[in-house]
Amino acid sequence: MRTILRDKPEIELLDGRRYPKVSPKRTHSLVRGNVLLMLMRCAANRGEAGPEWRCHVDAGTELVPDVSYYSYERLHSLSADKREEPPFAPDIAVEVRSPSNRKLYDAQKFAAYLDHGAMLVLDIDPASRTVYAHARGAGVRTFLETQTFAHESIPWLRFEVAELFARLNPPER
């Protein structure tokens with residue numbers, strides 16, 4: 001029998017309660033990678049995007065978005081140490097759904113992102129190939145795989161939604 005070593009689950013805190021991060025699998029990983037590439041391309045020299053970038057938004061809330069984007073303007077206001085784990089939510093927080101996602105927890109987490117500085121939260125559902133865009137004061141907008149994403153809260157962010165789901169179906173042999 002072979003032993004497989006795994007890191008202990010990553011933990012998020014929301015209002016002082018501990019929640020384990022979902023262990024990503026293939027679909028989650030591919031969509032997250034596509035989101036990261038898209039954000040880096042669209043952002044150009046405006047900021048930084050990265051996966052699993054922890055933020056400490058208050059004493060009882062530490063979140064780890066699947067992908068984060070921070071503008072240089074906001075990052076430059078921090079010391080080098082604080083940039084490693086910013087004390088506010090990213091400008092854009094991205095969460096990729098997994099089958100085990102919890103709707104109530106996700107809604108609370110999206111609200112925490114928006115309450116602590118996020119301009120936009122992208123809730124991506126690979127199963128339906130849909131993006132739900134949550135923005136401060138603008139509610140939720142739905143973007144289907146056949147549409148182009150564009151949102152007034154981040155004018156430079158424009159992409160084909162299908163791009164996020166590329167490679168989910170392996171090519172035929």
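The values are calculated or read from the model by the stated rules, or taken from the named source; none is laboratory data. This one's a predicted model, so the numbers in the text were calculated from it and none came from an experiment. Please note: Cβ atoms are built from the backbone with ideal geometry, for glycine as well, and neighbour counts cover all protein chains shown. Accessible surface areas use protein heavy atoms only, side chains included; no ligands, DNA or RNA. Shrake-Rupley method; radii C 1.70, N 1.55, O 1.52, S 1.80 Å.
Brief remarks on what is shown
- Scanning the stretch 9-37 for residues that are in a helix (DSSP H, G or I) and without any contact (Cβ under 8 Å) to a residue 60 or more places away in the chain yields R26, S29, G33, L36, L37.
- Scanning the stretch 149-173 for residues that are within 20 Å of G47 (Cβ to Cβ), in contact (Cβ under 8 Å) with a residue 60 or more places away in the chain and not in a strand (DSSP E or B) turns up I154, W156, L157, E163, L164.
- Some residue of the stretch 134-145 being open to solvent by 20 Å² or more (accessible area, probe 1.4 Å), under 13 Å from the mean Cα position of the chain (by Cα), closer than 30 Å to G60 by Cα and modelled with pLDDT of 95 or more: yes
- Exclusive hit being under 21 Å from C55 (Cα atoms), aliphatic (A, V, I, L, M), modelled with pLDDT of 80 or more and open to solvent by less than 50 Å² (accessible area, probe 1.4 Å), set L13, L30: L13
Rundown of residues vs (1) free of Cβ contacts under 8 Å to residues at least 24 places away in the same chain; (2) part of a helix (DSSP H, G or I); (3) surrounded by 13 or more Cβ atoms within 10 Å (Cβ to Cβ), yes/no style:
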{"residue": "L39", "(1), (2), (3)": "no, yes, yes"}
{"residue": "E48", "(1), (2), (3)": "no, no, yes"}
{"residue": "H56", "(1), (2), (3)": "no, no, yes"}
{"residue": "R83", "(1), (2), (3)": "yes, yes, yes"}
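- If the condition is being part of a loop (DSSP other than H, G, I, E, B), free of Cβ contacts under 8 Å to residues at least 40 places away in the same chain and small (G, A, S), then the stretch 98-148 contributes A118, A127, S128, G137, A138.
- When we screen R74, R83, R97, R136 for residues that are in contact with a Pro (Cβ under 8 Å, 6 or more places away or on another chain), farther than 26 Å from K25 by Cα and of a type outside the set (S, T, Y), the only hit is R74.
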